[in-house]
Amino acid sequence: MPKRVIIVGSGIIGASVAWHLAKAGAAVTVVDEAEAGGVATRNSWAWINASWGNPEPYFRLRMRSIEEWHRLAAAVPGLIVNWCGGLIWDLPSNELDAYAAQRAAWGHPVRPVDHAEILRLEPNLRDVPARAYHVAGEGVVEPLQATLALLAAAQQLGAELLVNTPIKWLVEGDGKVSGVMTDVGAIHADEIVVAAGAGSARLLDSIGITLKMSTPAGLLSHSKPAPPLLHGLVMTPGLHLRQTAEGRIVAGTDFAGADPDGDPEGLAADLQSRVQAMVKGAEVLPLDFHTLGFRPTPADGFSAIGRPRDRPGLYTVVTHSGVTLAPALGLFAAEEILGGGRDALISTFHPDRPALQ
């Protein structure tokens, strides 16, 4: 009989876990308190990268996940990854050089580019520096589209999706975590996966498990659609920007967005004015809307994946960098849940580590 698994959360992490489990033959039910696609996911800048996330074990995990994105894009219908690469000059020059040297020593394909090369890569940029770094092997997805593609593929494999179904608490019985309590009663399974992003700590607390985390706000501005003005991702001091498949320029003070500090409209307008000043052809490009996401971030900044306190029937996958890490964490979670062991790349990211207790 296939193992029955409930996944709480339908963002990109939950969707990846669901697809990998369903592909491996598990009977999967994904439950979300809102619409499919999660909250943090749909408000993500959606950079697939290994350019950030020290120390080296986290870098290695991110590099593996980039490999898994290639596999996933080939296997899942409708899942589109734009391997557009990115320009980086958002640190002081000495720090940027030290960063690049460290990454190059680890095998990261980062290369220096001069002023002329920057303009060849992004001819519509103004005020570019004398030099920067370029990473060709990184990319971007449209986060909601990618998540819905994963969920649809999981459903094609037999997974069930229950949306607008709030989870009140986790259910215990017979010495294990055995289900979730919803507004219409309990749903039981052999395994419960908590991938509920910012809501994960509350659910774990319902059965006495502590997971220290924060949920910093991240605001991004979204322009009206425009003709192609940017080819890839651009990370400059105080402004990170990319252009979506439908032509919108999405910008934040960095790739995670910024805290609006009580004035989201003002921050969004300021971001759009910086886009207008930075990008030729965007001088009068208007702001269309802004998004505000809350990034589920374990207390030390790194993923929390595994069985908290070795609690039978319970598995947790909580992380920032959800878009980057979704393919690898989904694969590793499915393997561990179905008895295949724990991958060495997540050995240091157990939810029971002292920083999270």
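Taking θ as phi - 60° and the Karplus parameters 6.51, -1.76 and 1.60, the scalar couplings of segment 29-34 work out to 10, 9, 10, 9, 6, 10 Hz in sequence order, x denoting glycine and proline. For the peptides 332-338, 68-74, 93-99, the ranking by packing is 332-338, 68-74, 93-99, with the highest mean count of neighbouring Cβ atoms within 10 Å listed first.
Beta bridges per DSSP, both residues in the chain: antiparallel share near 70 percent. Taking every protein chain into account, the 1.4 Å probe leaves HIS320 with about 50 Å² of accessible area, to the nearest ten. Taking a straight line from the alpha carbon of LYS23, these aspartates and glutamates sit under 18 Å away, with near neighbours fewer than eight places off in the same chain left out: GLU68, GLU160, ASP190, GLU191, GLU335, GLU336.
Taking the chain as a Gaussian network of alpha-carbon nodes connected by springs under 10 Å, the highest mean-square fluctuation of the residues PRO129, PRO109, PRO57 belongs to PRO129.
Here LYS212 is the anchor, and the aspartates and glutamates within straight C-alpha reach of less than 13 Å, apart from those fewer than 8 places off in the same chain, are ASP300, ASP352. Once the mean of 1/r is taken over each pair of separate Cα atoms and inverted, segment 1-100 shows a Kirkwood hydrodynamic radius of 16.1 Å.
Can you put GLU122, GLU117, GLU56 in order of accessible area, largest first, using a 1.4 Å probe? Intermediate results must be reported in sequence, preceding the final value.
Details: GLU122 5, GLU117 40, GLU56 70 Å².
So the residues, ranked largest to smallest area, are GLU56, GLU117, GLU122.
With both labels modelled 7 Å from their Cα along Cα-to-Cβ, the ALA136 to ARG309 distance reads 5.1 nm.
Label positions at ARG60 and ALA299, each projected 7 Å from the Cα along the C-beta direction, are separated by 2.6 nm.
For the chain, the longest principal axis of the C-alpha atoms and the axis of helix 322-337 are separated by about 20°. You can think of it this way: the chain between ALA186 and LEU119 has 18.3 nm of extra reach, that is 0.36 nm per residue less the Cα-Cα gap. By a 1.4 Å probe calculation restricted to protein chains, LEU331 has an accessible surface near 30 Å², given to the nearest 10. For the chain, the longest principal axis of the alpha carbon atoms and the long axis of helix 12-23 meet at an angle near 50°.
Axis angle, to the nearest 10 degrees, between helix 56-75 and the longest C-alpha principal axis of the chain: 80 degrees.
Estimated from the Cβ-Cβ distance and a Förster radius of 45 angstrom, the FRET efficiency linking ASP97 and LYS3 is about 0.35.
Distant-in-sequence amide contacts of SER178, defined by a placed amide H-H separation under 5 Å and a gap of 5 or more residues or a different chain, comprise VAL171, GLU172, GLY173. Counted over all Cα-Cα pairs of segment 55-163, pairs farther apart than 22 Å make up 48 percent. Largest mean-square fluctuation among ASP300, ASP174, ASP183, in a Gaussian network model of the chain whose springs join Cα atoms under 10 Å apart, belongs to ASP174.
Between GLU335 and ALA105, the simple spin-label model (points 7 angstrom out along Cα→Cβ) gives 2.8 nm.
You can think of it this way: the chain between GLU283 and ALA269 has 3.7 nm of extra reach, that is 0.36 nm per residue less the Cα-Cα gap. Taking every protein chain into account, the accessible area of segment 118-247 amounts to 41 square angstrom per residue (probe 1.4 Å).
The values are calculated or read from the model by the stated rules, or taken from the named source; none is laboratory data. Because the structure is predicted, anything quoted here is derived from the model rather than measured. Positions of Cβ are generated from backbone atoms using ideal geometry, with glycine treated the same way; all protein chains shown enter the neighbour counts. Ligands, DNA and RNA are stripped out before the accessible areas are found, and what is left, the full protein with its side chains, is counted by its heavy atoms. Shrake-Rupley method; radii C 1.70, N 1.55, O 1.52, S 1.80 Å.
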